[in-house]
Amino acid sequence: MGGGGVEQRVAMRAVVEARDPVGRYELYLDAQSGELLAWRQVLRFAIGDLLYDAPERWPGGQRAQYPAVLAHVVLDGAAQTSDLDGSLSWPGSAPASLVVTARGDELTVTNVAGPDATTLLSLPDGGVALWDAASDELVDAQLSAFVHGGRALAYARALGPGLSLFDQPLVANVNLDLECNAYYDGSSINFYL
């Protein structure tokens, strides 16, 4: 027979685990020479979105769900950072356990009135984990500062991409027991009760 037909060889199958990046590969090797004939990734990754519920404009107004942009979380016991649309991924397909805070690569929220907010959420493959603290004003203030502080940073970064202000995470202090609205002191944004 002429032309590019199929060549048959005796092959061995091997499974190789990798750590960085995480992977599991199925290899097919020529039984005589050891030449790699084919391979495929057999480790499946789950993906889900982390959202924070926050007011759109002011605490008593309409609310919306926003991606937790570059948020620091602990996912199934390992530290991870969400991506720009709040997505997270993990090996397997089982729901992930998330420990979530109002801290991230670009913004660190500090609750001056007490402990910083944290919660435990479950994130299903292909689903959403939503942190909604509308009924707790001190926690809601932290989520609002994280969401809207991050949005303000993105806007400001577009206007002045070379500003040194963006070299480190911005600090947002919330729940200050004083009377006023808010202010920026050159290193942090500050919001009152």
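The values are calculated or read from the model by the stated rules, or taken from the named source; none is laboratory data. Keep in mind it's a predicted model, so treat the numbers as computed, not measured. Virtual Cβ from ideal backbone geometry, glycine too; neighbours counted across all protein chains shown. Areas reflect the complete protein model, heavy atoms only, side chains present, ligands, DNA and RNA absent. Shrake-Rupley method; radii C 1.70, N 1.55, O 1.52, S 1.80 Å.
Brief remarks on what is shown
- Selection within segment 11-23 - within 30 Å of L120 (Cβ to Cβ) and surrounded by 14 or more Cβ atoms within 10 Å (Cβ to Cβ): G23
- V16 meets each of the listed conditions (1) in a strand (DSSP E or B); (2) in contact with a helix residue (DSSP H, G or I) (Cβ under 7 Å, 6 or more places away or on another chain) apart from (2).
- Candidates P124, P115, filtered to the one that is open to solvent by 80 Å² or more (accessible area, probe 1.4 Å), over 17 Å from Y183 (Cα atoms) and not hydroxyl-bearing (S, T, Y): P115
- Leading residue by the ranking (farthest from L123 (Cα to Cα)) among those in segment 36-84 that are in contact with a helix residue (DSSP H, G or I) (Cβ under 8 Å, 6 or more places away or on another chain) and not hydrophobic (A, V, I, L, M, F, W, C): P59
- Enumerated strands (runs of 3 or more DSSP E) restricted to segment 66-171, each holding at least 2 residues that are closer than 15 Å to Y52 by Cα: 71-75, 87-91, 96-104, 107-111, 118-123, 128-131
- G60 vs. criteria outside any strand (DSSP E or B) and either open to solvent by less than 60 Å² (accessible area, probe 1.4 Å) or at pLDDT below 85 (or both): yes
- Matching residues, segment 165-188, being open to solvent by 90 Å² or more (accessible area, probe 1.4 Å) and without any contact (Cβ under 8 Å) to a residue 24 or more places away in the chain: D167, Q168, L178, E179, C180, N181, Y183, Y184
- Among the candidates G48, G86, G92, G34, the residue that is at pLDDT 95 or above and more than 30 Å from S187 (Cβ to Cβ) is uniquely G48.
Quick grid of which residues meet (1) in contact with a Gly (Cβ under 9 Å, 6 or more places away or on another chain); (2) more than 14 Å from Q142 (Cα to Cα):
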position: D53; (1), (2): no, no
position: W58; (1), (2): no, no
position: G61; (1), (2): no, yes
position: A64; (1), (2): no, yes
position: A68; (1), (2): yes, no
position: A71; (1), (2): yes, no
position: V74; (1), (2): no, yes
position: G77; (1), (2): no, yes
position: D83; (1), (2): no, yes
